[in-house]
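The values are calculated or read from the model by the stated rules, or taken from the named source; none is laboratory data. Being a predicted model, the structure only gives us computed values, none of them experimental. Here the Cβ positions follow ideal geometry from the backbone for every residue, glycine too, while neighbour counts run over all protein chains shown.
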Amino acid sequence: MKVLNLQCAHGHGFEGWFASNDDFDTQLASGLVSCPMCGDTAIVKLLTAPRLNLGSPKPPAEAAPVPVAAQNDSPEARLMRAVREVIAKTEDVGDRFAAEARKMHYGEAEERGIRGQATREEARDLIEEGISVFSLPLPPALKETLQ
Ligand SMILES: [Zn+2]
């Protein structure tokens, strides 16, 4: 399984999981790779990320007090806004993610944006079945406010 660091034309960074580099090229050429935040299909591949973010959010960045104006333009703030957008547009299915993604893929459930947790094995199985899976780093602070 390949985990690729991708970025859309609007600068949204995200990870795409693919069976192989060829798989990514094929899906990209078919317009199947789109930004999970804005739906843009002008995707470029950044350096390969040999890691998975699911279920293990990065430790919180140092909480240094910053002026509000600067904070609004920080990468963290941009990520936060992007993640909020995703959350607003998707339905949280929790650990039923793999099952729901599969149902939609096979037409047993309505196509919609979903988010949730999947194990590495579940994600690999989904990718092998040709189902697109993206991993977003969820800022720990945001996660807490959602609970
Ligand atoms: Zn985007």
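Name the one entry in E85, E91, E76 that is of a type in the set (D, E, K, R) and in contact (Cβ under 8 Å) with a residue 60 or more places away in the chain.
E76
Only residues in the stretch 4-22 that are touching a residue at least 60 places away in the same chain (Cβ under 8 Å) count as the first member; pair them with residues that are assigned to a helix (DSSP H, G or I) and among the β-branched types (V, I, T), Cβ under 8 angstrom, at least 6 apart or cross-chain, and list the lot.
Every condition considered, the pairs that remain are W17/I127; F18/I127; A19/I127.
Among the residues of the stretch 6-42, which ones are assigned to a strand (DSSP E or B) and within 15 Å of the ligand (Cβ to nearest atom)?
Once the filter is applied, which keeps residues that are assigned to a strand (DSSP E or B) and within 15 Å of the ligand (Cβ to nearest atom), the stretch 6-42 yields L6, Q7, G13, F14, E15, G16.
In the stretch 119-130, is there at least one residue being closer than 24 Å to D40 by Cα, assigned to a loop (DSSP other than H, G, I, E, B) and among the hydroxyl-bearing types (S, T, Y)?
Checked against the condition, which is being closer than 24 Å to D40 by Cα, assigned to a loop (DSSP other than H, G, I, E, B) and among the hydroxyl-bearing types (S, T, Y), the stretch 119-130 yields no hits at all.
Of these, G13, G31, G55, which one is at pLDDT 90 or above, surrounded by fewer than 13 Cβ atoms within 10 Å (Cβ to Cβ) and within 23 Å of R115 (Cβ to Cβ)?
G31 is the lone residue from the list that is at pLDDT 90 or above, surrounded by fewer than 13 Cβ atoms within 10 Å (Cβ to Cβ) and within 23 Å of R115 (Cβ to Cβ).
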